[in-house]
Amino acid sequence: MRLFDPHAPTLRALSGTNIRLMMGVSHPDLRDLANCPQAATAWVSRNILRFPNVTFRYIIVGNEIEPESELGPFVFPAMQNVYRAIRAAGLAASIQINLLTMWNPPQAAEFKCGVNWFIRPILEFIRDTSASIHLNVFPFYAYLNDRANINLSFALLQPNSGVVLGGVYYDNLFYAIHDAFVAAMGKILAAATPLSVQQLAIPENKGTKTTTSSGSSSGGGHNSPPPGSVPLGSGDEIMAVTDGPIATVDNARIYINNLMRVVRTGTPMVAGPIHTYIFATFDENLRPGPKHLSSYSYN
């Protein structure tokens, strides 16, 4: 289960359940956690130690923080201080696709030069502490923003819908976006030290231990693809999808069922299962964006 910030009633409800929890740090707390180690100690005491019977799996410091935002400079020092305050717990950072120059083909993906100052120390810190990087992989948004070039079946992870990208066959769009992150991270770490790629421990999935993914059922469509994205194909290779309701209950069901299938095996770049969290199961209809099913709610 994932919480985006500590919520005491939910934490009490999870006590003794053995449900493994990924918990985020509230964005308003980042500044204090970055500037004051004592604030990190107090945060851990208040939100972790108070709940000894909750199984904390990961602590997420910074969820999709834009490097150029006012919170950008605080993510890395906040990670350091929280890590020092809770060495025995897992620690992760969350990154999104718009930090990449492109995602297709995956092996050509790189982080934008303007965000290297932000992402490089985070990746080096995660490597040195054997923590995990958390990837937000949303094929639905990539599809919505390039419907002329991306087949809906490819975005819904349907069997027999794969394409060849950069000479490598990709069974689905989830794998392609996942591997774009892996390639970009490997390039950053390879430039840092000669041992970086080995220490990323890709065969054990330490570098990409956790992934969040969703297939929208009501909101969505407000994320833009990264500049320089390369179309997946043209002509008969990729069919354009006609206009119509896309964020439907049926498509959400298809995506989630396929997701549970594809994460059991590795991608072309990473062997082994992908630890994946399904996003926005209960409040998807409250998210901003087109409302194809305004009255629908998973609740």
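Observations
- Apart from one condition, ASN18 fits all of (1) assigned to a helix (DSSP H, G or I); (2) surrounded by fewer than 16 Cβ atoms within 10 Å (Cβ to Cβ); the exception is (1).
- Taking helices (runs of 4 or more DSSP H) as the structural unit, those lying wholly within segment 96-198 and holding at least 1 residues that are under 17 Å from the mean Cα position of the chain (by Cα) and among the β-branched types (Val, Ile, Thr) correspond to 116-129, 173-192.
- Count of segment 137-191 residues, restricted to those that are surrounded by 19 or more Cβ atoms within 10 Å (Cβ to Cβ) and either basic (Lys, Arg) or on the phi > 0 side of the Ramachandran plot (or both), is 1.
- Residue within segment 73-96 that is touching a strand residue (DSSP E or B) at 6+ places or on another chain (Cβ under 7 Å), closer than 30 Å to SER15 by Cα, at pLDDT 90 or above and surrounded by fewer than 23 Cβ atoms within 10 Å (Cβ to Cβ) present: yes
- Answer residue from segment 38-91, given it is within 16 Å of MET22 (Cβ to Cβ) and among the polar types (S, T, N, Q) and is nearest to the chain's Cα centre (by Cα) among those: ASN63
The values are calculated or read from the model by the stated rules, or taken from the named source; none is laboratory data. Here the structure is a predicted model, which is why all the values come from computation and not from measurement. Because the Cβ atoms are built from the backbone with ideal geometry, glycine has one as well, and the counts that use them run over all protein chains shown.
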